[in-house]
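Beneath this line is the structure, given in structure tokens, with notes to follow.
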Amino acid sequence: QGLKLGIATGRSYYEAAYALKRFSIEDLFDAMTNMDDVKKEEREKKESLRKPHPFSLIKTAQAMGAKKKFLYVGDLPDDILAANRAKSVISIKAAAFPMLAANPFQALKEIEEAKPDFIVRTPSELCRLLGIK
């Protein structure tokens, strides 16, 4: 479809790579920022760069070509806040996908307070949002 995919995860490289390899999808992603990257940068800057800080989203976007338009899909309020904070640096929209949370209705309420640009309840809604048939 001509889309690039990136990951900004709070997991370590090992955990993220294991999951991607386990499901044979590692080749689908063009860039990834993981917790190891965040911790390294935190040591240098001596400040917290974990979500809701936009560091991991901006770093991933820069690796993919920061002049592009981005859609960040997250399942937690901190994901949405990070995307909203990244808007001052990159062209990004925040999409919430809370339906896999332990309590989706509580998660939805908390995510709505973070003000996502979109709320996605099914994978097909995400595909429609991206213009994928």
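The values are calculated or read from the model by the stated rules, or taken from the named source; none is laboratory data. Remember, predicted model here, so these are calculated numbers, not experimental data. Ligands, DNA and RNA are excluded from the accessible area calculation, which covers all protein heavy atoms including side chains. Shrake-Rupley method; radii C 1.70, N 1.55, O 1.52, S 1.80 Å.
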- Task: Show which aspartates and glutamates lie in cross-link reach of residue 40 when reach means a straight Cα distance below 19 angstrom and same-chain residues fewer than eight apart are skipped.
- Result: 15
- Pull up the cross-link candidates among the aspartates and glutamates for residue 39, meaning alpha carbon to alpha carbon under 12 Å and not fewer than 8 places away within one chain. 47
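Step by step: find N for segment 24-97, compute 2.2 N^0.38 Å, then divide the Cα radius of gyration by it. What's the final number? Kindly include the intermediate steps, with their values, before the conclusion.
Details: Rg = 12.2 Å, N = 74, 2.2 N^0.38 = 11.3 Å.
My calculation over the Cα atoms of segment 24-97 gives 1.08.
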- How large are Rg and Dmax for segment 2-62 when only the alpha carbon atoms are used, in Å? 12.1, 38
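Which pairs in the list 67/87; 4/67; 45/93 are over 24 Å apart, alpha-carbon to alpha-carbon?
Numbers: 67/87 12 Å; 4/67 13 Å; 45/93 27 Å.
Beyond 24 Å between Cα atoms: 45/93.
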- What full-extension length gain, to one decimal in nm, is calculated for residue 36 and residue 117 as 0.36 nm per residue of separation minus the Cα-Cα distance? 26.3 nm
- The answer for the chain, accessible area per residue at 1.4 Å probe in Å², is 65
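Within segment 71-113, what whole-number % of the accessible surface is contributed by carbon and sulfur, with the 1.4 Å probe and all protein chains included in the calculation?
Values: 1280 of 2320 Å².
With neighbouring chains kept in place, the figure for segment 71-113 is 55 percent.
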- Message: With θ taken as phi - 60° and the coefficients 6.51, -1.76 and 1.60, list the Karplus ³J(HN,Hα) couplings across segment 95-102 in order, rounded to whole Hz; mark glycine and proline as x.
- Response: 10, 9, 10, x, 6, 9, 5, 4
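Counting helices only, and only those DSSP H runs with n ≥ 4, report the 222 nm mean residue ellipticity of the chain as the sum of -39,500 (n - 2.57) divided by its residues, in deg cm²/dmol to the nearest 500.
Details: 6 runs with 59 residues, N = 133.
Taking each H run of at least 4 residues, the total per residue is -13000 deg cm²/dmol.
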- Query: What aspartates and glutamates could a cross-link reach from residue 69, if we take a straight Cα to Cα line under 16 Å and drop same-chain neighbours fewer than 8 places away?
  - Reply: 30, 117
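From Cα pairs below 8 angstrom and at least 6 apart in sequence, can you work out the relative contact order of the chain, rounded to a whole percent? Walk me through the numbers on the way to the answer.
Details: 196 pairs, mean separation 24.2, N = 133.
Contact order relative to length: 18 percent.
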- Alpha-carbon centroids, segment 34-57 and segment 2-29: separation in whole Å: 18
- D_trans [Stokes-Einstein, Kirkwood Rh over alpha-carbon pairs] for the chain, 4 °C, 1.567 mPa s, µm² s⁻¹: 84
